[in-house]
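All of the numbers you see were taken from the coordinates with simple rules; none came from a lab. Keep in mind that this is a model prediction, so the values were computed, not measured. As a convention, Cβ positions derive from the backbone with ideal geometry for all residues, glycine included, and neighbour counts pool all protein chains shown.
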Amino acid sequence: MSAESSFRSGFAALVGRPNVGKSTLMNRLVGRKVAIVSDKPQTTRHKIHSVLTREDAQVVFLDTPGIHKPRHRLGRHMVELALGALKEVDVILFLCEARDPGAGDKYIIDLFGDIDTPVILVLNKIDLIPRKEILPLIDTYRELYRFSEIVPVSALTGENLDRLSDLVINYLPPGPKYYPNGMITDKPEKFIMSEIIREKVLQLTSQEVPHSVTVEVEEVRERTGGLVAVRAVIYTERDSQKGILIGKNGGMLKEIGKRSREEMEALFGNRVFLELWVKVKADWRNNERHLRNLGYLQE
């Protein structure tokens, strides 16, 4: 068999409840931060493609929004994205925390009954439990579904991720590269910048604010001397939330901007001048026009 014909390529979806570590796992698998991470549930709102390229294979990972009971139009769209991904891929990575399955986990497992795609159960956060608890957990999950593989991992420490990558590749068909070497995501620069800013909002603000926030990067412009000027708007739903985001004497907005700028500079290798604004867009998560204009819904 030639080297070309032995090369494998395909798509793997990461699915699971909100806040089980899907974005952290994907970032570790591809070796670079692509998706934002926070301790708030439902952080991921888009279907993000990330690419792992090895000498023998290329895996395109789809990080999907957490499957949950939606409370608004944006939430319904997020769940539709996650469920749609199950039918588009060669293998599914079902991510659960290393603990007894809850109602949300069982709900997702029931969805697998309608598909033929191989499902690898990934028990994440094993760094938080005693080793003796892992095997009983595996037995518990085996009773719920005929998983193709069960792999305990820690996305935080990297434990067992090499084995997970090898198993995923075993389920891919022979095929060509979908993306060139060095490419790790299909998302444009503006999208990555907007997600960096949103991540800092999630990290710095209270429970009242995070899920009502979205970020739109309106302009990215190169200036002389390698400086990149970025203008972005943070949208929220209420005036009270706008006040929290701006903070006393603008302190909160300055800190969001400082952290965002530092990460952009490290990621893109350019000095960044970041101009941030906060605006109110009432009930935008339930408004079809706003969701379309902000890029959540397609025409």
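In Å, what Kirkwood hydrodynamic radius results for the range 189-293 from the alpha-carbon pair distances?
14.0 Å is the Kirkwood radius here.
How much length is gained on full extension from residue 170 to residue 106, taking 0.36 nm per residue of separation minus their Cα-Cα distance?
20.4 nm
Within 10 Å of each candidate Cβ there may be at most 10 other Cβ atoms; applying that plus a DSSP loop requirement, which GluC sites (Glu not before Pro) in the range 82-153 survive? The partial results should precede the final answer.
On the way: sites: 88, 97, 133, 143, 149; in loops: 88, 143.
Answer by residue number: 143.
Give the peptides 16-22, 152-158 in descending order of average Cβ contacts within 10 Å, highest first.
The most tightly packed comes first, giving 16-22, 152-158.
Test of the criteria: in the range 137-242, which trypsin sites (Lys or Arg not before Pro) are in a DSSP loop and have at most 16 other Cβ atoms within 10 angstrom of their Cβ? Mind showing how you got there, number by number?
On the way: sites: 142, 146, 163, 177, 190, 198, 200, 221, 223, 231, 238, 242; in loops: 146, 177, 223, 238.
Passing both the DSSP loop test and the Cβ count: 146, 177, 223, 238.
Taking Cα centroids, how far is the range 120-177 from the range 193-263 in Å?
36
How about the range 187-283: which chymotrypsin sites (Phe, Trp or Tyr not before Pro) there are in a DSSP loop, with at most 16 other Cβ atoms within 10 Å of their Cβ?
Listed in order of number, the matching sites amount to none.
Collect residues whose amide H, placed 1.01 Å from N in the peptide plane, falls under 5 Å from the amide H of residue 97; neighbours closer than 5 in sequence don't count.
124
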